[in-house]
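Following: one structure in structure tokens, then a few remarks.
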Amino acid sequence: DAGITQSPRHKVTETGTPVTLRCHQTENHRYMYWYRQDPGHGLRLIHYSYGVKDTDKGEVSDGYSVSRSKTEDFLLTLESATSSQTSVYFCASAGTADTDTQYFGPGTRLTVL
Amino acid sequence: GEDVEQSLFLSVREGDSSVINCTYTDSSSTYLYWYKQEPGAGLQLLTYIFSNMDMKQDQRLTVLLNKKDKHLSLRIADTQTGDSAIYFCAESETGANNLFFGTGTRLTVIP
């Protein structure tokens, strides 16, 4: 499996505060993804990146922004956290876009009070 | 997004076979994946099948694809307690860059 880490692994914050989650991969993968996992919804794509400084929106991008200044790092920012953003967030990466699969990080559990 | 549906729960006794089902709506699906998520962990790819295949076997895992009915199943033979996890079906038209996941099926193995 690809070496993907996420930090922090757990975070509790208050409504209205900014939050940044970090994803780091050591496989030199070109593609990186942020998902949220909620009961009854499976995984839903928030944003993805297809290269340094190249990002695009996913299915549930409202309220989130991302940045990718280096191949190995993909940051997810909640500018002003809301309770509806309480979720488990997963990062994934992939080497190519066609036949390869996505490799997932361990997840970050975020609670917004 | 595309619809990928799974039943939420499945319980089986240790040693029995488990069959986890998935249906999808995208007739252009080319890749169909099964992922496993253990408690507190990320998703781990178990296996995948191309849409031009009917079946794929890998040790205790058998994947069956009925493309006409858009139905995918994962059979786990001789289910063990270590197989207890959430299993996600995912489909893609183009490969890794555009995956749509089902809701996941929580498999509980009863000793």
Give me a comma-separated list of calculated 3J(HN,Hα) values for the range A:64-73, in order, Karplus coefficients 6.51, -1.76, 1.60 applied at θ = phi - 60°, integers in Hz, x for any Gly or Pro. 10, 9, 9, 8, 9, 9, 9, 3, 7, 10
Report the label-to-label distance for A:Asn28 and A:Ser80 in nanometres (one decimal), using points 7 Å from each Cα along the Cα→Cβ vector. 4.3 nm
Under 16 Å from the Cα of A:Lys70, which lysines turn up, not counting those fewer than eight places away in the same chain? A:Lys53
State, to one decimal in nm, how far the label point of B:Thr25 lies from the label point of B:Gln59, with both points 7 Å from Cα in the Cβ direction. 3.6 nm
If you filter the range A:13-113 for trypsin sites (Lys or Arg not before Pro), then keep DSSP loop positions with at most 14 other Cβ within 10 Å, what is left? A:Lys53
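Give, in nm to one decimal, the length gained when the segment between A:Asp38 and A:Thr111 is fully stretched (0.36 nm per residue of separation minus the Cα-Cα distance).
Taking 0.36 nm per residue and subtracting the Cα distance, the gain is 25.1 nm.
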What distance in nm separates the simple spin-label points at B:Leu8 and B:Thr81, each placed 7 Å from Cα in the Cβ direction? 2.6 nm
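By counting other Cβ atoms within 10 Å of each Cβ, how are A:Tyr35, A:Tyr48, B:Tyr48 ranked from fewest to most? If you can, show how the numbers build up before the last one.
Values: A:Tyr35 29, A:Tyr48 25, B:Tyr48 20.
Going from sparsest to densest Cβ surroundings: B:Tyr48, A:Tyr48, A:Tyr35.
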Can you return the lysines within cross-link range of B:Lys70? Criterion is Cα-Cα under 27 Å, with same-chain partners fewer than 8 residues away left out. B:Lys36, B:Lys56
Rule-of-thumb check for chain B: C-alpha Rg over 2.2 N^0.38 Å? 1.00
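Taking 10 °C and 1.306 mPa s as the conditions, I'd like the Stokes-Einstein D for the protein assembly as shown in µm²/s, using the Kirkwood hydrodynamic radius from alpha carbon pairs. Each step should come with its number before you reach the end.
Details: Rh = 17.9 Å.
My calculation gives 89 µm²/s for D.
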According to the Cα gyration tensor, what semi-axes, each the square root of 5 times an eigenvalue, does the equivalent ellipsoid of the range A:50-113 have, listed from largest to smallest in whole Å? 23, 14, 11
Ranking A:Glu14, A:Glu27 by Cβ neighbours within 10 Å, fewest first, what do you get? A:Glu14, A:Glu27
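Normalised radius of gyration for chain A, please: alpha carbon Rg relative to 2.2 N^0.38 Å, two decimal places.
Values: Rg = 13.1 Å, N = 113, 2.2 N^0.38 = 13.3 Å.
Cα-based Rg divided by the globular estimate yields 0.99.
Here, each number is a calculation from the coordinates, and none is a lab measurement. Predicted, not measured: the structure shown is a model, and the values here were computed from it. Backbone-built Cβ (ideal geometry, glycine too); neighbour counts: all protein chains shown.
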